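The values are calculated or read from the model by the stated rules, or taken from the named source; none is laboratory data. Here the structure is a predicted model, which means the values were calculated and not measured. Neighbour counts run over all protein chains shown; Cβ positions are idealised from the backbone, glycine included. Each accessible area value is taken on the protein alone, full model and side chains, heavy atoms only, with ligands, DNA and RNA left out. Shrake-Rupley method; radii C 1.70, N 1.55, O 1.52, S 1.80 Å.
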Amino acid sequence: MKIALIGYGKMGKEIEKIAIDRGHEIVLKIDITNPEDLTIANLQKADVAIEFTMPSSAASNYKLCFEAGIPVVSGTTGWLERLPEVHQLCKTLNGTFFHTTNFSLGMNIFFALNQKLAELMANRSEYTIEMKEIHHTQKLDAPSGTAITLAEGILKNIPQKKSWVNHSTSQTDELGIISVREGQVPGTHSINYDSEVDYIEITHCAKSRKGLAFGAVLAAEYSFEKKGILSMNDMLNIK
Ligand SMILES: NC(=O)c1ccc[n+]([C@@H]2O[C@H](COP(=O)([O-])OP(=O)(O)OC[C@H]3O[C@@H](n4cnc5c(N)ncnc54)[C@H](O)[C@@H]3O)[C@@H](O)[C@H]2O)c1
């Protein structure tokens with residue numbers, strides 16, 4: 001496949017290595033130094049685009065890919081208030097849009113595990129719940145997009161929890177998410193359930209960006225010649 005990389009930072013560079021190893025060709029690389037090259041004509045030289053940039057540029061980049069008629073795999077986080085608008089645009093322009101807050105295959109299994117544990121805990125009011133996420137200091141958004149996905153999985157299954165907050169909380173209708181920014185940590189997420197008599201914790205710890213980049217390349221292969229809104233659950237057949 002011919003791939004356009006929109007965003008050539010930490011993720012873009014890791015994706016390039018894996019894509020080339022898997023026999024793909026990078027035909028366009030866009031970052032902050034050459035935005036003038038991000039045109040419909042240039043995008044049409046690719047079979048699929050992979051976008052890891054910044055929250056402020058994500059939605060307009062997706063629109064351009066829909067207009068160019070190529071599928072776009074979206075990794076950027078921190079822009080999700082515009083997700084309904086982007087989904088609508090994808091439908092209107094007959095585009096292809098594959099977004100996840102986390103492309104790691106293990107994390108997507110962890111999403112399912114998190115929901116199952118929350119379902120089992122739905123009526124266990126003796127447990128308090130808290131989430132902690134740790135990332136490198138260059139990360140712009142907090143909580144991480146992955147933490148928000150995990151929080152949504154808990155809110156959906158525990159009716160007593162009405163919203164998440166980005167700090168520790170003792171309000172029983174809130175889910176506290178603690179965000180820590182330190183060193184070069186690629187991404188660690190844990191959820192704990194604490195009672196007077198025991199403590200349960202589940203943790204996903206990314207060892208590098210390789211798993212995230214690999215998942216993004218698989219998503220690009222999956223998106224090739226498909227239309228509509230695609231997801232990791234579709235690709236991995238997770239119900
Ligand atoms: N979904 C996932 O699995 C996943 C995994 C890791 C990171 N992320 C997210 O992906 C994004 C990028 O992460 P990163 O670690 O590669 O960041 P980074 O800062 O290393 O790279 C961002 C790149 O985007 C470029 N850029 C900025 N504005 C641009 C614009 N207007 N047009 C084109 N390029 C532009 C920068 O020049 C840079 O090359 C972040 O939002 C991060 O949270 C998502």
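Tabulated results
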item: Pair list, Cβ < 6 Å and 6+ apart or interchain, from segment 139-156 residues that are more than 14 Å from residue 107 (Cα to Cα) to residues that are surrounded by fewer than 19 Cβ atoms within 10 Å (Cβ to Cβ) and modelled with pLDDT of 95 or more; result: 142/179; 143/166; 143/179
item: Residue in segment 191-198 that is in contact with a Leu (Cβ under 7 Å, 6 or more places away or on another chain), open to solvent by 60 Å² or more (accessible area, probe 1.4 Å) and either in a loop (DSSP other than H, G, I, E, B) or of a type in the set (Phe, Trp, Tyr) (or both) present; result: no
item: Condition broken by residue 191, with the remaining ones in (1) out of contact with any strand residue (DSSP E or B) (no Cβ under 6 Å at 6 or more places or on another chain); (2) closer than 30 Å to residue 10 by Cα satisfied; result: (1)
item: Cβ pairs under 9 Å, 6+ apart, first in segment 10-21 and on the phi > 0 side of the Ramachandran plot, second near the ligand (Cβ under 8 Å from one of its atoms) and assigned to a helix (DSSP H, G or I); result: none
item: Leading residue by the ranking (farthest from the chain's Cα centre (by Cα)) among those in segment 11-30 that are more than 12 Å from the ligand (Cβ to nearest atom), surrounded by 12 or more Cβ atoms within 10 Å (Cβ to Cβ) and over 24 Å from residue 136 (Cβ atoms); result: 27
item: Index of the failed condition, residue 116 passing every other in (1) open to solvent by 40 Å² or more (accessible area, probe 1.4 Å); (2) assigned to a loop (DSSP other than H, G, I, E, B); result: (2)
item: The one condition in (1) in a loop (DSSP other than H, G, I, E, B); (2) away from the ligand (no atom under 16 Å from the Cβ) that residue 141 fails to fulfil; result: (2)
item: Answer residue from segment 156-179, given it is within 19 Å of residue 120 (Cβ to Cβ) and surrounded by fewer than 16 Cβ atoms within 10 Å (Cβ to Cβ) and is nearest to the ligand (Cβ to nearest atom) among those; result: 156
item: Qualifying residue in segment 58-68 (condition: touching a Ser or Thr at 6+ places or on another chain (Cβ under 7 Å) and within 11 Å of the ligand (Cβ to nearest atom)); result: yes
item: Lone qualifier among 130, 182, 126 - being farther than 30 Å from residue 44 by Cα, among the acidic types (Asp, Glu), in contact (Cβ under 8 Å) with a residue 60 or more places away in the chain and open to solvent by 80 Å² or more (accessible area, probe 1.4 Å); result: 126
item: Residue among 158, 148, 200 that alone is closer than 29 Å to residue 17 by Cβ and out of contact with any Lys or Arg (no Cβ under 8 Å at 6 or more places or on another chain); result: 148
